[in-house]
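Asker: Attaching a single structure in structure tokens format; questions to follow.
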Amino acid sequence: MAKRKERIVRYTNLDDIPDGKTDWARVRALTDADIAKAVAEDPDAAPLLDEAWFRRAVVVAPPAKADVHIKLDQDVVQWFKRAARASGGRGYQTRINAVLRAYVDAHAMPRARKRA
């Protein structure tokens, strides 16, 4: 499989980022009230978070991962790698872990399902 060359561009000055089709002058002119109104009118928007929400919020650390070595079929690994690249999301190992987590959760004894 040929390696695909990837060009990574790093901007240190936000003014150097290409604007695309965004009307940044209009965006900068929006007031907090304008934004709150737009969010309230959008049925797909998540609610705005207020100070009370942040006071109740709890930081939860992800569970520790075990460093293991397992042998998997090449086609299985390639499938997960392609799926990860196609969606631009997290890595293939994270996806494999998610599949294994779903299996464990589905087959665990009732008292073991208390995982958050």
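Asker: Of all residues in the stretch 91-107, how many are more than 14 Å from Ile70 (Cβ to Cβ) and within 16 Å of the chain's Cα centre (by Cα)?
Answerer: The total comes to 4.
Asker: Here's another thing I want to ask about it. Report, by residue number, each residue of the stretch 14-23 that is open to solvent by less than 100 Å² (accessible area, probe 1.4 Å) and either at pLDDT 80 or above or among the small types (Gly, Ala, Ser) (or both).
Answerer: If the condition is that a residue be open to solvent by less than 100 Å² (accessible area, probe 1.4 Å) and either at pLDDT 80 or above or among the small types (Gly, Ala, Ser) (or both), then Gly20, Thr22, Asp23 are the ones that fit.
Asker: Another question, then. Right, Asp67: open to solvent by 100 Å² or more (accessible area, probe 1.4 Å), part of a helix (DSSP H, G or I) and modelled with pLDDT of 90 or more or not?
Answerer: Taking the combined requirement at face value, the residue does not satisfy it.
Asker: Taking Tyr11 as meeting all but one of (1) modelled with pLDDT under 75; (2) more than 30 Å from Arg82 (Cα to Cα), write down the number of the exception.
Answerer: Single failed check for Tyr11: (2).
Asker: Only one of these conditions is not met by Lys71: (1) free of Cβ contacts under 8 Å to residues at least 12 places away in the same chain; (2) under 26 Å from the mean Cα position of the chain (by Cα). Which number is it?
Answerer: For Lys71, the failing item is (2).
The values are calculated or read from the model by the stated rules, or taken from the named source; none is laboratory data. The model shown is predicted, which means the values in this text are computed figures rather than measured ones. Don't worry about glycine lacking a Cβ; one is built from the backbone with ideal geometry, like all the others, and counts go over all protein chains shown. To get the accessible areas, we keep the full protein, side chains included, count just its heavy atoms, and leave off ligands, DNA and RNA. Shrake-Rupley method; radii C 1.70, N 1.55, O 1.52, S 1.80 Å.
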